[in-house]
Every structure is written in structure tokens, then in C-alpha cells.
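Student: Shown below is the structure under consideration.
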Amino acid sequence: MDLNPQTDTERFVVKIEVNHSTDFNAHCPEDAVEGESNYSGGKMGSGQPSLVYVAEIDLAKEQKEFIATLKGHGSPDGSDGEVYPDLSGITSARSILKSITVLIKD
């Protein structure tokens, strides 16, 4: 969805980022060291990276509920604002939330 926020106020994207600290797994272990791609930063690290869910909202529709879907994860060490679509190393982090619904109220 290509949106120009200056001209289209009825359509927009809601992004939700969630994380559970110290949620380590085999791909994002507690003993990863700085410089490794799966290093989660800090003295204690955070384990698996944040997950990013996206809901595309179109207020022109009569729809009042929009389901956010999992689109990827943040960088393991939080060093950039990118969303990475490869979820192959994500395990228990997928169960932090059951679902996300964006509700539009009048």
C-alpha cells in the first residue's frame, strides 16, 4: 500500500512492535557476543528480536475492525529501524500475543 500522508487521510498503516526481554532460543542465545548477527545487545541481552505487526487501515470502507499480521522482526540488537521479513529463527516470541485487532470507533 503506497500512501502519501499529506493527501490521503483515510488510509494509513498501524505498526505494532512487541518484545519480551530475555526470551532466548537456539538462534538468539544468551551467550551470543557483540558483532555476531544474533547478538541481542546489552549486558543481559534481550533474546529474540522484537516482532512487528502491521494493519492497513482504510477508513473509506465500512469495516470497523482490522487485523494486524506479523510482517517481520527488528534488528536483534536494536541498532536500526528496519523490519526484517525472515522469521526462521523466531520461536516462542510468536506466542507473546494471540492476535491484534485495530478497532475504529465513531
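Student: Counting heavy atoms of the protein chains only and a 1.4 Å probe, report the per residue accessible area for the chain as a whole number of Å².
Tutor: Normalised by residue count, the accessible surface of the chain is 68 Å².
Student: Then there's this: I'd like the trypsin sites (Lys or Arg not before Pro) in segment 50-101 restricted to DSSP loop residues with at most 16 other Cβ atoms within 10 Å, sorted by number.
Tutor: In loop regions of segment 50-101 (DSSP not H, G, I, E or B), the sparsely surrounded trypsin sites (Lys or Arg not before Pro) are Lys61, Lys64, Lys98.
Student: Here is a follow-up. Any chance you could run the full-extension gain for Lys64 through Val83? It's 0.36 nm times the residue separation minus the Cα-Cα distance, nm to one decimal.
Tutor: Result for the pair: 4.2 nm of gain on full extension.
Student: Still on this model: Compute the distance in nm between two label points, each set 7 Å from the Cα along the Cα-to-Cβ direction, one at Ile104 and one at Val33.
Tutor: Each label point lies 7 Å from its Cα, and together they span 5.3 nm.
Student: The chain: D in µm²/s via Stokes-Einstein (Kirkwood Rh, Cα pairs, 4 °C, 1.567 mPa s)?
Tutor: Calculated translational D: 85 µm²/s.
Student: Under a GNM of the chain (C-alpha, springs under 10 Å), which listed residue has the highest mean-square fluctuation: Leu51, Leu70, Leu87?
Tutor: So, out of Leu51, Leu70, Leu87, the one fluctuating most is Leu87.
Student: Among Glu36, Glu62, Glu17, which one shows the highest mean-square fluctuation when the chain is modelled as a Gaussian network with alpha-carbon springs under 10 Å?
Tutor: Glu62
Student: Leaving ligands, DNA and RNA out of it, report the carbon-plus-sulfur percent of the accessible area of the chain at a 1.4 Å probe.
Tutor: Carbon-and-sulfur percentage of accessible area, whole number: 48.
The values are calculated or read from the model by the stated rules, or taken from the named source; none is laboratory data. Predicted, not measured: the structure shown is a model, and the values here were computed from it. FYI the Cβ positions are ideal-geometry reconstructions off the backbone, even for glycines, and counts take in every protein chain you see. Ligands, DNA and RNA are stripped out before the accessible areas are found, and what is left, the full protein with its side chains, is counted by its heavy atoms. Shrake-Rupley method; radii C 1.70, N 1.55, O 1.52, S 1.80 Å.
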